[in-house]
1. Per-residue counts of other Cβ atoms within 10 Å, averaged by peptide: what ranking do you get for 62-68, 143-149, 156-162, highest first?
2. Sorted by packing (mean other beta-carbon atoms within 10 Å per residue), highest first, where do 211-217, 164-170 land?
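Just so it is clear, none of the values below were taken in a lab; they were calculated from the coordinates. Everything quoted here is computed from the prediction, not taken from an experiment. Glycine also receives a Cβ, built like all others from the backbone with ideal geometry; neighbour counts cover every protein chain displayed.
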């Protein structure tokens, strides 16, 4: 019995070793781009569970994410020359593993990630929070950290609105909120908007959609072209400008600092916003 068990283990290890040798031979006999593709396919078995939902997002939202990744990545990105990109084009869900790998590579140390794999999404999210000076606790969940990131943008945006713009904004959102008593919060403050955002529902969805639109317009010069996009965001157009100013300030700082943060900051904000939109189910 023990002999059979030992023989089976040896056979399994020999099979694994043989497969690794074949992969190594393929890697050594191709160009550096091909090598990267093969390495990514090997790593593909270890995709981040916190990013699995992205493969289910509408292609247009993935389009904004991919274009942001390519645009901000500049000459250092390799996604646009990959075989998956050439083969599947705008069918992003078919090669989300490759898109994720590109994003995570930007958020990792190049040398160490080559041997041990890229940073996890949570590790990249923590980097972004630190760079954006958002307080968090390492034990916080990914969703909690993402909320802190989005709320920091909302708070900064609020500070750039005039009193009349704040009133107009809350008046528009008030029609979509049933469980918040605006009169009990006291004064026109950012806590009102944060409470609306945290409450979920259609009002929260609208705020998140505005953030996504602002990123797309700031970086790509266009917003989402969702069928209901114009009607949903018309009443909230007052906050597009302030959010654009905030994001532009972030981009200008990190464009100077180097390619990594100018990629992972907008892309991480998009991931956080997409998860919020996905969970809202509007």
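1. Details: 62-68: 20.4, 143-149: 18.3, 156-162: 16.3.
Ranked by mean Cβ neighbours within 10 Å, highest first: 62-68, 143-149, 156-162.
2. Highest to lowest by the protection proxy: 211-217, 164-170.
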